[in-house]
Amino acid sequence: NKKKKKPIRVYMDGCFDMMHYGHCNALRQARALGDQLVVGVVSDAEIIANKGPPVTPLHERMIMVNAVKWVDEVISDAPYAITEEFMKKLFDEYNIDYIIHGDDPCVLPDGTDAYALAKKAGRYKQIKRTEGVSSTDIVGRMLLCTRERSISDSHNHSSLQRQFSHGNSQKFEAGGSGTGTRVSHFLPTSRRIVQFSNGKGPGDDARIVYIDGAFDLFHAGHVEILRLARTLGDFLLVGIHNDQIVSAKRGAHRPIMNLHERSLSVLACRYVDEVIIGAPWEISKDMVSMQLNLFFVLVFPSVQ
Ligand code: CTP
């Protein structure tokens with residue numbers, strides 16, 4: 001007479017501003033520490049009070065977090081720091097077993113640890129922060145690319161720069177020619193790609209839907225188009241153009257995220273079954289015959 005074991009429910013919170021594959025990797029690791037992952041998305045007001053205004057508003061951040069395939073439930077308007085009251089709510093109402101955060105220190109404006117209470121209660125677990133990507137780094141790449149485009153127009157990016165400099169303005173200033181954040185520090189290992197993959201091909205009679213694009217700076221519009229594309233068949237295959245094609249079509253300053261970074265963001269999306277890392281610009285006869293069941297090819301010329 002086996003009793004069904006209660007699922008372990010874990011909670012991770014965050015701002016998830018300008019969502020990137022580092023955030024997705026944090027959610028992936030958090031989900032692996034339990035059976036169900038509940039994510040708290042911090043409200044705009046709380047972010048403003050603790051670290052300055054977010055670039056993406058709450059409703060967009062909610063769309064992005066909800067689209068990640070490792071997420072089971074999302075709470076909007078979560079507090080920035082886990083208070084006694086909110087922790088009780090997590091335990092009693094949401095049945096949370098563990099509260100999880102990356103291994104970077106998370107200090108409040110008053111210098112205290114945002115997770116001190118959870119640690120004290122013995123309900124805190126840590127995951128490894130992903131190297132080589134952060135919102136600050138992405139903004140740095142964007143600033144450098146606007147600079148490359150129009151060196152004379154130096155006031156253009158001042159408000160973005162103010163929001164993200166956090167005392168790091170030298171990092172952005174120093175970047176001009178090759179030393180800056182424009183260069184990605186991400187190392188695409190096969191293990192990371194496997195971790196993000198579904199590992200399942202299409203079934204025998206599956207209707208495969210194909211859509212391609214750059215998917216640079218993966219955002220809520222991309223999520224929506226992928227969701228719609230997936231409803232047209234049984235298996236969604238996404239072709240991601242390589243950096244050379246994107247540069248040739250959109251200008252030398254693009255893409256901001258390189259091919260492998262863009263592939264991880266797309267792979268983390270729950271509507272996506274598989275990606276082609278470096279898809280051709282034109283869909284060739286070969287490609288169609290290779291994918292025998294290609295049922296529907298979507299052409300959205302403006303999927304950037
Ligand atoms: N995180 C991570 N790796 C990164 C960036 C974030 O593992 N490269 C994790 C954080 O540790 C946190 C969660 O993602 O547990 C949500 O992050 P967020 O609150 O948005 O934190 P930031 O550290 O501010 O992320 P970023 O600097 O990229 O904005």
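The values are calculated or read from the model by the stated rules, or taken from the named source; none is laboratory data. A quick note: this is a predicted structure, and the numbers were derived from the prediction, not measured. Neighbour counts are summed over all protein chains in view; Cβ atoms, including those assigned to glycine, are modelled from backbone coordinates with ideal geometry.
Residues that are in contact (Cβ under 8 Å) with a residue 40 or more places away in the chain and of a type in the set (Ser, Thr, Tyr) were ranked within the range 247-288; the one that is surrounded by the most Cβ atoms within 10 Å (Cβ to Cβ) is Ser265. Among the residues of the range 26-37, none qualifies, meaning not one is surrounded by 15 or more Cβ atoms within 10 Å (Cβ to Cβ) and more than 21 Å from Ser197 (Cα to Cα).
Contact map, the range 5-29: residues that are assigned to a helix (DSSP H, G or I) paired with residues that are among the basic types (Lys, Arg), Cβ distance under 6 Å, separation 6+ or inter-chain. No pairs are found. In the condition set (1) in contact with a Cys (Cβ under 9 Å, 6 or more places away or on another chain); (2) free of Cβ contacts under 8 Å to residues at least 40 places away in the same chain, Leu37 is compliant with all but (1). Answer with yes or no whether Ile82 is out of contact with any Pro (no Cβ under 6 Å at 6 or more places or on another chain), of a type in the set (Val, Ile, Thr) and under 27 Å from Ile225 (Cβ atoms). So Ile82 does not fit the description; no. Starting from residues that are under 23 Å from Gly140 (Cα atoms) and crowded, with 22+ Cβ neighbours inside 10 Å, keep the ones in the range 217-240 and report whichever is farthest from the chain's Cα centre (by Cα). Ranking the candidates gives His222 first.
Please determine, by comparing only the residues of the range 109-144 that are assigned to a loop (DSSP other than H, G, I, E, B) and of a type in the set (A, V, I, L, M, F, W, C), which one is surrounded by the fewest Cβ atoms within 10 Å (Cβ to Cβ). Top of the filtered list is Ala121.
In the range 55-65, the condition of being touching a Leu at 6+ places or on another chain (Cβ under 9 Å), assigned to a helix (DSSP H, G or I) and within 29 Å of Tyr271 (Cα to Cα) is met by at least one residue.
Of the residues making up the range 72-84, at least one is within 24 Å of Arg192 (Cβ to Cβ), assigned by TED's automatic domain parsing to the domain that holds Ala114 and surrounded by fewer than 22 Cβ atoms within 10 Å (Cβ to Cβ).
Given the condition at pLDDT below 90, closer than 22 Å to Gly22 by Cα and surrounded by fewer than 19 Cβ atoms within 10 Å (Cβ to Cβ), answer yes or no: does some residue in the range 85-103 qualify? For the range 85-103, residues at pLDDT below 90, closer than 22 Å to Gly22 by Cα and surrounded by fewer than 19 Cβ atoms within 10 Å (Cβ to Cβ): absent.
Please indicate, with yes or no, whether at least one residue in the range 43-55 is assigned by TED's automatic domain parsing to the domain that holds Leu90, crowded, with 22+ Cβ neighbours inside 10 Å, β-branched (Val, Ile, Thr) and within 12 Å of the ligand (Cβ to nearest atom). Within the range 43-55, none of the residues are assigned by TED's automatic domain parsing to the domain that holds Leu90, crowded, with 22+ Cβ neighbours inside 10 Å, β-branched (Val, Ile, Thr) and within 12 Å of the ligand (Cβ to nearest atom).
Would you call Cys145 away from the ligand (no atom under 15 Å from the Cβ) and either hydrophobic (A, V, I, L, M, F, W, C) or over 21 Å from Ala78 (Cα atoms) (or both)? Yes.
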